[in-house]
Amino acid sequence: MHWFLLDAGAFIHSMEWSFKKNATYVMPSLVFAELKEHTVRLRAENALAQGRLVIEDPLPGEIAAVHACADLQGVGRLSEADVALVALAFQWQEEKRLFTVMTDDYSIQNLLKAKGIGFQGIAVKPIERVKAFSLVCTGCGKPYKTGFKGSSCVDCGAPLKARSTSKKT
C-alpha cells in the first residue's frame, strides 16, 4: 500500500483532487488545523469521517532532526505545521514506508529533496534541485552564517534577505 502525506494545499489548492483507492492519506494535526476556509475544512472533515484521511503526528525526536536539516540548508521560514509535516516524512523514511509527500511549499520540498524523500506538487511544478540559503543584508551586503536568528543587520540595521548560496543536485 502506498501512503500520501498531505500538506494543506492538497485541500486548499485543488478542488478536483481526489483520493486514490488502495492508498492511505495522512495529515499531521497542525496541518489539519490550517484548514480554515469553510468548504475546505468541511471537505477534510468528511474525508476524515469516511476514513479516507488519517491524522498522525510525528514522534517528538523528529522535530529536532527537521530543525537541524533546516539550519544546514539555511531554510529559516518553517511554520510549526511545516515542521510537523517534514518530521513525519523523516520518521516514515526511517520506518521504510512507501510514501509520497504532496506539497507546493518550496521550503518543504527543498528539505525533502535534501533527504531523498519523494514528493509531488499539487498546483505548482516541484523543485528540481536542492538549494542552500544564507542571509544577506539588503543594505550593506554583509553575509550572515546559517542559523543567525536576527531579522536585521547588526551593522546598518537594514533587513536581511535569504539568498541562494549554492545549488546541489
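Values quoted throughout were computed directly from the atomic coordinates according to the rules given, and no laboratory measurement underlies them. Remember, it's a predicted structure, so these values are computed and weren't measured experimentally. Backbone-built Cβ (ideal geometry, glycine too); neighbour counts: all protein chains shown.
Just a few scattered comments:
- Lysine pairs within the range 1-148, Cα separation less than 25 Å, 8 or more sequence positions apart or different chains: 17
- Placing +1 on each Lys and Arg Cβ and -1 on each Asp and Glu Cβ, with no other charges, gives the range 1-58 a dipole about its Cα centre of roughly 240 debye.
- Per-residue extension of 0.36 nm, minus the Cα-Cα distance of residue 68 and residue 158, leaves a gain of 29.7 nm for this segment.
- Global geometry of the range 1-43, whether rounded, prolate or oblate, following the gyration tensor of its Cα atoms and the 1.5 cut on a/c: oblate
- Computed helical MRE - 222 nm, the chain, DSSP H runs ≥ 4 contributing -39500 (n - 2.57), nearest 500: -10000 deg cm²/dmol
- Here's how it looks for residue 152: its modeled amide H is under 5 Å from those of 160, which are all 5 or more places away or on a different chain.
- Restricting attention to the chain, close to 45% of DSSP beta bridges with both partner residues there are antiparallel.
- Cα gyration tensor shape for the range 23-122, rounded if a/c is under 1.5, else prolate or oblate: prolate
- Residue 119 long-range amide H proximity, modeled H, under 5 Å: 101
- Each residue of the range 103-113 was assigned a 3J(HN,Hα) from its phi angle through the Karplus curve 6.51 cos²θ - 1.76 cosθ + 1.60 (θ = phi - 60°); the sequence is 7, 9, 6, 5, 5, 5, 4, 4, 5, 5, 5 Hz, with glycine and proline shown as x.
- Ranked packing of 36-49, 77-90, most packed first, by mean Cβ within 10 Å: 77-90, 36-49
- Lys/Arg +1, Asp/Glu -1 at C-beta; the chain dipole; positive extreme among 141, 158, 61: 141
- ³J(HN,Hα) computed for each position of the range 55-61 - Karplus, 6.51 cos²θ - 1.76 cosθ + 1.60, integer Hz, glycine/proline x: 9, 9, 10, x, 5, x, x
- Residues with amide H under 5 Å from that of residue 25, placed H, sequence gap 5 or more: 4, 54
- Normalised by the number of residues in the chain, the average gap of Cα pairs under 8 Å and 6 or more apart makes the relative contact order 21 percent.
- About the Cα centre, charge dipole magnitude for the chain (Lys/Arg +1, Asp/Glu -1 at Cβ), debye: 660
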